[in-house]
Amino acid sequence: MTERRARRPARSGGLRVAVHRQVRLGGAELVPDIDRTDAWLLFVDGVPQSGVDLADPAYLEFEYVRRIGHVVDLAFPPGAPVHALHLGGGALTLPRYIAHTRPGSRQLVAEVDDALTDLVRARLPLPAGHRIRVRAADAREVVESVRPGGYDLVIADVFAGAVTPPRLTTAEFAAATARALRPGGVYAVNVAAGPPLDSARSAVATIRSAYRETCMIAEASVLKGRRRGNLVVIGSDSPLPLAGLSRASASDPFPARAVTGDELRRFVSGAPVVTDAAVTVNTAASNETSPQPTNR
């Protein structure tokens, strides 16, 4: 799930044709980005998912992805390889970014839609020498199965349409991401927000339950509930690069703020932490009140 695209200079290019394919989770489209010669946009059921520039993997199309890129840039020594776990793959934008900016990085991507991965790999080939593995498996099953303390970085960006699957929003899931990280490792997650902001506040409160250090990056209009958008929430057991994140986010084409400390505590005040038990109860209640399928 993505917010509006960043402004950037137009570039001319040759004729390219959109690709349409039915994948496991819906109808996928790879559409040429008319503003950049070698760039493509991925949509699933009409919802924008990813932007990839094959000629410039360092270019990040969507604003929330750019903010996660800032986290990657600032949380680790410049250019140093990282061991990264990506929950949700899409067009593999951030794995490409890390492979380009941190050569030698080992990366595992959990993407349940193997047909989507096949389409992306065929039409948007990964760079030579990459160390990116894609596992066709559920994100929660993967994060719960990896070796504890095995990763420097976990990035979660999983959506079914415009909604994150409920089992990936709980305190138990957040705790599993924390177990996957080495000491000093960093978790970054994309959260869809408001209005109203109730679910976003609970999402942030839930992540804070698993991480001693937390920060949230968002545009002021989203935080005030004036429009829908994305929050990037960052967690760690060690201090985060708050000053650098503040500067980088404020200088983006669509400026955002890094929210921490007392301001973050006020944002989540009174918001319930989501648990597996609560998700199970809510899912059961929804099933009971929804029309049931009939075999004909």
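Of note:
- Loop-resident trypsin sites (Lys or Arg not before Pro) (DSSP state other than H, G, I, E or B) in region 139-190 with no more than 11 further Cβ atoms inside 10 Å of their Cβ are absent.
- Label point distance in nm, residue 213-residue 55, each placed 7 Å from Cα along Cα→Cβ: 3.9
- Relative packing of peptides 102-110, 74-82 - highest average C-beta neighbours within 10 Å first: 102-110, 74-82
- Anisotropy class of region 1-145 from Cα gyration tensor, a/c 1.5 cut: oblate
- Rel. contact order, % - alpha carbon contacts under 8 angstrom, at least six apart, region 88-235: 19
- Using a simple spin-label model with pseudo-atoms 7 Å out from Cα toward Cβ, residue 252 and residue 133 lie 3.1 nm apart.
- Leading residue at positive end of dipole, the chain (Cβ point charges), from 206, 278, 127: 127
- In Hz, Karplus ³J(HN,Hα) per residue of region 130-145 (6.51, -1.76, 1.60; θ = phi - 60°; x = Gly, Pro): 5, 10, 10, 10, 10, 10, 7, 7, 5, 4, 5, 4, 5, 5, 7, 9
- Considering all different alpha carbon pairs of the chain, the Kirkwood hydrodynamic radius works out to 19.6 Å.
- Electrostatic bookkeeping for residue 235 treats Lys and Arg as +1 and Asp and Glu as -1; over the other residues with beta carbon under 9 Å from its beta carbon, the sum is 0.
- Where a label projected 7 Å from the Cα of residue 145 along Cα→Cβ would reach, residues of region 111-125 with amide N under 12 Å: 111-112
- Positive contributions from Lys and Arg (+1) and negative ones from Asp and Glu (-1), summed over other residues with Cβ under 15 Å from the Cβ of residue 133, come out at +3.
- Residue 243/residue 275 FRET efficiency (R0 22 Å; Cβ-Cβ; nearest 0.05): 0.05
- Relative contact order, percent, the chain [alpha-carbon distance under 8 Å, six or more residues apart]: 15
- As a rough guide to protection, the peptides 23-36, 227-240 ranked by mean Cβ packing within 10 Å, highest first, stand as 227-240, 23-36.
Read-outs: derived from the displayed coordinates by stated rules, not from any lab. As the structure is a computational prediction, the values presented were derived from the model and not from experiment. Note that each Cβ is placed from the backbone with ideal geometry, even for glycine, and that neighbours are counted across all protein chains shown.
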